[in-house]
Amino acid sequence: MSVRPVLGAAAGSALLLLGLTAAAPAPASAAPAASAPASAPASVAPAESVTVDGEGRMADGSVTLSGTYRCLGGVGPVFVSSSVSRPSSDVRYSVGGTRAVCDGKEHRWQNSGTVPAGALEAGRAHVEAALFELRPGGLLLLPVFHAVERRGITLVQG
């Protein structure tokens, strides 16, 4: 099975769940959903986080977003998904997904994806990045969020 359909399904599930929880907004960096193993003191384990760079790029209908993440080991695969929207719109456009390496170290992520012609323009935009794990839940893989960041950025041509 290709990774691309899995990432698309995961990003769609993540956005759906985030939309359902919009009534209780999360802080810029949400606390980790999974805690450190019981054998390790909480003060020793690094915090899980995801950040978004202040500038994104647009070229030929493609948008590229980037930032950093840090995560601990998980039961299932972990991904960084991202979406972008105009400041005056509630319509979000998925901008790919990246498989995360959860070793407690800070890593860079970069996602690229296409958006419909005219959907975005250079200037201010809102981005949401989510660090989430796909855990087995019966017959389905369920997203478990480790960290989320929402921030305004500047989209530039080039």
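Put simply, the amide H of residue 74, placed in the peptide plane, has no neighbours under 5 Å, leaving out anything fewer than 5 places away on its chain. Our coupling estimate for region 99-108, obtained by passing each phi through the Karplus curve with A = 6.51, B = -1.76, C = 1.60 and θ = phi - 60°, is 6, 9, 9, 9, 10, x, 9, 7, 10, 8 Hz, Gly and Pro reported as x.
Listed values for region 49-61 are Karplus-derived 3J(HN,Hα) couplings in whole Hz (6.51 cos²θ - 1.76 cosθ + 1.60, θ = phi - 60°), namely 7, 9, 10, 10, 5, x, 9, x, 10, 10, 7, 6, x, and x replaces Gly and Pro. Using θ = phi - 60° in the Karplus curve 6.51 cos²θ - 1.76 cosθ + 1.60, the 3J(HN,Hα) couplings for region 132-141 round to 9, 10, 9, 9, x, x, x, 8, 10, 9 Hz; x is entered for Gly and Pro.
Under 5 Å from the amide H of residue 119 lies no amide H of any residue 5 or more positions distant or on a separate chain, with H modelled from the backbone and absent for Pro and chain starts.
Readers should treat all values here as calculations from the given coordinates under stated rules, not as data from a laboratory. Just so it is clear, the structure is predicted and the values come from calculations on it, not from any experiment.
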